[in-house]
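A.B. asks: I am attaching a structure below and will ask some questions about it afterwards.
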Amino acid sequence: MHNIDKAIELIKNHEIVGIPTETVYGLAGSIYSDIAINKIFTTKERPFFDPLIVHINSTNMAKELCIGWNEICDTLSQNFWPGPLTIVMKKNKNVSDLITSGLDSVGLRIPNHPITLELIEKSQTPLAAPSANKFKCVSPTSRQHVIDEFGDAVFVLDGGECEIGIESTVVSVIENRVEIYRPGMITKEMIDEALSEFDIQSVYQSSPVAPGQLEHHYMPKIPIILLWEQEITVIDNKKFDISNPYIWSLIEEPSHIARNLYAKFRIAQDENFSCIIIKLKKEMKENTNFKGIINRLSKAKSAQFGLTN
Ligand code: TXA
Ligand code: MG
């Protein structure tokens, strides 16, 4: 049996499957199977208050799951789908409260990966899928990363290494208000440019999901320290073992940094470095192309070790 056929059979049988996307690998189940959705949460050890994104393969499928699809949604989907943009819409009754953690909205996205698009097409169901990692840990960008996380417990399709490397930009659309909940490689400028015909601009907004509880995320098992150019960072060497650091100066293009970000975290922790030191240039703070990367780094950094830089 081909791998894709095995995945289709598992999805139809209320099981979960690791799926490749262009951003990160997902842990997928049919939105119509509460059994599968429960397995996603328990396998990830994810609290039920954090809702799942639903992956679809057409805008028609999106419209079947939400209320209030409008011209703004048409424009966003035409410009950015398939691709790393999740559109949060008011949900309709086809989407269970389990998927949305009781919220009346649902995140929708057409991923840009042929294998996952084929899986959605052939299993004839939208797929709910969070990133395929344990809650708060580093997202996987290759099949091997997912296997390292869950072992034999999960069947994982191989779609190669993820092109984008960090999770999708999440935007909410309600009438003509567009709010960015999570920055990513599709930037505010790109969104505003696409929406210029409507004369509206998106705004950054903190997500309505569990405020305060999701501040620390994407964390490797060793401390991350961010060193900003021209800023003083005091590192307490009683708290941090900085004897053998993995040092990474971010000088590459943003797309290149994003693609390698999580793989670097994993290399550093697997090769027994004592911590990760990331050097950033001052101008990155103002450059929106880095906003998604800096968002992930800020959540991954070592607040749990007492660092507040
Ligand atoms: O690129 C991605 O988005 C990847 C791939 C697999 O598609 N998925 C992903 O899923 O990153 P996850 O669950 O790790 O992150 C989804 C984020 C969460 O922070 C969740 O709180 C938010 O999207 N989200 C989901 N549904 C939402 C909703 N209805 N309202 C607000 N935020 C929502
Ligand atoms: Mg995640």
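Here, each number is a calculation from the coordinates, and none is a lab measurement. On a predicted model such as this, the values are computed, not experimentally measured, just so you know. Positions of Cβ are generated from backbone atoms using ideal geometry, with glycine treated the same way; all protein chains shown enter the neighbour counts.
A.B. asks: Springs between alpha-carbon atoms under 10 Å, Gaussian network over the chain: tell me which of 256, 217, 55 tops the mean-square fluctuations.
C.D. replies: 256
A.B. asks: Next up: About the Cα centre of segment 1-59, how large is the charge dipole given +1 on each Lys and Arg Cβ and -1 on each Asp and Glu Cβ? Please answer in debye to the nearest 20.
C.D. replies: That gives a dipole near 60 debye.
A.B. asks: I've got another one for you. Cα axis of helix 3-12 to longest principal axis of the chain: angle in degrees, 0 to 90, nearest 10?
C.D. replies: That helix lies at roughly 70 degrees to the long axis.
A.B. asks: Report ³J(HN,Hα) in whole Hz for each residue of segment 185-198, in order, from the Karplus equation J = 6.51 cos²θ - 1.76 cosθ + 1.60 where θ = phi - 60°; Gly and Pro get x.
C.D. replies: 6, 8, 8, 4, 4, 5, 5, 5, 4, 5, 8, 4, 4, 8
A.B. asks: Using a 10 angstrom cutoff on alpha carbons, build the Gaussian network for the chain and name the most mobile of 128, 258, 268.
C.D. replies: Of 128, 258, 268, the most mobile in the Gaussian network model is 268.
A.B. asks: Now a separate question. Report for the chain the percent antiparallel among DSSP-assigned beta bridges with both residues inside it, nearest 5.
C.D. replies: 45
A.B. asks: For residue 178, what is the net charge nearby, where nearby means another residue's Cβ is under 10 Å from its Cβ and Lys, Arg count +1, Asp, Glu -1?
C.D. replies: -1
A.B. asks: Still on this structure: Rounded to a whole number of µm²/s, how large is the Stokes-Einstein D of segment 137-203 at 4 °C and 1.567 mPa s, given Rh as the Kirkwood radius over C-alpha pairs?
C.D. replies: Value of D from the Cα-based Kirkwood radius: 90 µm²/s.
A.B. asks: Next question, about the same structure. Between 234, 54, 88, which gets the highest mean-square fluctuation from a Gaussian network model of the chain, Cα cutoff 10 Å?
C.D. replies: Checking each option, the largest mean-square fluctuation is seen for 234.
A.B. asks: Which trypsin sites (Lys or Arg not before Pro) from segment 40-132 combine a DSSP loop assignment with at most 14 other Cβ atoms within 10 Å?
C.D. replies: Here the sparse-neighbourhood loop sites are 93.
A.B. asks: Starting at the first residue of segment 121-137, write each ³J(HN,Hα) from the Karplus equation 6.51 cos²θ - 1.76 cosθ + 1.60 with θ = phi - 60°, in whole Hz, x for Gly and Pro.
C.D. replies: Those phi angles translate into 4, 7, 8, 6, 8, x, 10, 6, 7, x, 4, 8, 9, 4, 3, 6, 8 Hz.
A.B. asks: No solvent, one uniform scatterer per C-alpha: report log10 I(q)/I(0) for the chain via the Debye equation at q = 0.16 1/Å, two decimals.
C.D. replies: -1.36
A.B. asks: Moving to a separate point now. What are the residues whose amide H is under 5 Å from the amide H of residue 53, where those residues sit 5 or more places off or on another chain and H is modelled from the backbone?
C.D. replies: Amide H neighbours of residue 53, under 5 Å, 5+ apart: 129.
A.B. asks: Beyond 30 Å between alpha-carbons counts as too far, so tell me which of 90/122; 6/90; 93/264; 12/93; 91/264 fall in that bin.
C.D. replies: Correct reply: 6/90; 93/264; 91/264.
A.B. asks: Additional query: Which ³J(HN,Hα) values, rounded to whole Hz and listed in residue order, are derived for segment 138-149 from phi using the Karplus coefficients 6.51, -1.76 and 1.60 in 6.51 cos²θ - 1.76 cosθ + 1.60 with θ = phi - 60°, glycine and proline given as x?
C.D. replies: With the stated coefficients, segment 138-149 comes to 6, 5, x, 10, 8, 4, 4, 4, 5, 5, 4, 7 Hz.
A.B. asks: Quick check: pseudo-label points 7 Å beyond the Cα along Cα→Cβ at residue 279 and residue 203, how many nm apart are they?
C.D. replies: Between residue 279 and residue 203, the simple spin-label model gives 4.0 nm.
A.B. asks: For residue 246, which sequence-distant residues (separation of 5 or more, or a different chain) have an amide H within less than 5 Å of its own amide H, given hydrogens modelled in the peptide plane?
C.D. replies: 274, 275, 276, 277
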